[in-house]
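The values are calculated or read from the model by the stated rules, or taken from the named source; none is laboratory data. From a predicted model like this one, the values you see are computed outputs, not experimental measurements. Cβ coordinates were reconstructed from backbone atoms using ideal geometry, including for glycine residues, and neighbour counts include every protein chain displayed.
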Amino acid sequence: MGDLNEIFDLGRETLHRAEQRLDISRRDFLQFCSTLAVTMGLPSGAEAAIAKAIETAQRPSVIWLHFQECTGCTESLLRAEHPTLEKLILDVISLDYHETLMAAAGHQAEAARKDAMAAHKGKYVLVVEGAIPLKDNGIYCKVGGHTAVDLVKECAADAAAVIAIGSCASWGGMPSSGPNPTGASSLAEVLGKPVVTIPGCPPNPYNFLATVVHFLTFGKLPEVDKLGRPKFAYSRLIHEHCERRAHFDAGRFAMQFGDSGHRQGYCLYKLGCKGPETYANCSTIGFGDAGENNWPVGCGHPCIGCTEKGVGFTKPIHQVARMINVAPPLQYPRIVEEQGKGASFASAAALAALAGAAAGGAAMLTVNLGLSHQAEEAQRAKNGSKQKDDAEV
């Protein structure tokens, strides 16, 4: 769990307060902090800083806006287990506005949003779920009489951090697929500046949670790639850590859903899996704490590339992926020998060597048998001479 001495330097009183406030055991709390540190790729001992921040720092106010989406990102968050949703929104963050989860409605809900923005000006975190329509002055999505464009610009003006959650907010997602009649666009396009994006349809809730806790712990958002995605979650191709990668390297592919290869868990590349061109941690972190196979490829369905703009909801599901970093590592064992003239000569030489070894072995066996026969004859002659001498005596 890293440097335990550093963790326990927090003091028993601090850990006891966290245990009471989060209503979880001390062991589970430290495990939660360690899990977040590992998810973010932080060095050993970082879990101590996370634990201290969660216990002592003021909970960040979060304003969560909904636009063109299916609420799948929120549904994913509802299924988080470490911590569960009520502990997350009541004890780790302060979810002050969320149309789906808040008790208030109508003008009361909008009043809560404005009050939170005023009380935490320059300090709150803005989370946007869903694409934002720009066509016809944005009339295709309104909340409280205001267009999505106006709402997001108003809320982003005084936010300490802006996060786009899900593929729709990150790059347009499903609503922006052709012919895109509403002009659905990403959050970054609307604001005209980079934002932190956590794409996925839906994204893993722990990628979002780890991003928020990183902000809470270090006072800044995690390092991101050129698309605004946190590097701790989106820096490696799914293909590199896929449980079916060995089948890909061995040339074992499912050709149809339900065929022998599909039933045996072969690689899904030829069924249109986009894992070789999709950056995400789905294959290593899974979804929903549901045990093994809790991600699409693990369940037998090809990755659709939902975290990649220009791949998910753009390429046909049956279209094969563009290969990136195709070659397997050098330490992988040989699967097939080289084909062609050189291989034929090598094979002939190998067969000749094998035949020579067999012939040599046979000759040696004959020699050994001959020597054994001579030794037996000599022993019998010696025994016969000794018997004759005994008789004369």
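Restricting to the stretch 258-282, name every residue that is within 11 Å of Val320 (Cβ to Cβ) and not in a helix (DSSP H, G or I). Answer for the stretch 258-282, where residues must be within 11 Å of Val320 (Cβ to Cβ) and not in a helix (DSSP H, G or I): Leu268, Gly272, Cys273, Lys274.
Taken over the stretch 219-278, residues that are β-branched (Val, Ile, Thr) and touching a strand residue (DSSP E or B) at 6+ places or on another chain (Cβ under 7 Å) amount to 2. Of all residues in the stretch 167-220, those being polar (S, T, N, Q), part of a helix (DSSP H, G or I) and either in contact with a Cys (Cβ under 8 Å, 6 or more places away or on another chain) or not assigned by TED's automatic domain parsing to the domain that holds Asp150 (or both) number 2.
Among the residues of the stretch 271-310, those identified as modelled with pLDDT under 85 and not hydrophobic (A, V, I, L, M, F, W, C) are Gly286, Gly288, Asp289, Gly291, Glu292, Asn293, Asn294.
Annotation note: of Asp136, Asp150, Asp158, Asp115, the sole residue that is in a loop (DSSP other than H, G, I, E, B) and either touching a residue at least 12 places away in the same chain (Cβ under 8 Å) or of a type outside the set (Ser, Thr, Tyr) (or both) is Asp158. Find the residue count for the stretch 99-142, including only residues that are within 22 Å of Pro203 (Cβ to Cβ) and crowded, with 16+ Cβ neighbours inside 10 Å. Selection size over the stretch 99-142: 13.
Of the residues making up the stretch 70-91, those that are modelled with pLDDT of 70 or more and closer than 17 Å to Leu126 by Cβ are Cys73, Thr74, Leu77.
Per the listing Arg229, Arg245, the residue uniquely within 28 Å of Leu268 (Cα to Cα), assigned by TED's automatic domain parsing to the domain that holds Val92, modelled with pLDDT of 90 or more and touching a Pro at 6+ places or on another chain (Cβ under 9 Å) is Arg229.
Give the residue that is surrounded by the fewest Cβ atoms within 10 Å (Cβ to Cβ), with candidates limited to residues of the stretch 231-277 that are closer than 11 Å to Gly300 by Cα and under 21 Å from the mean Cα position of the chain (by Cα). Once the filter is applied, the top-ranked residue is Gly265.
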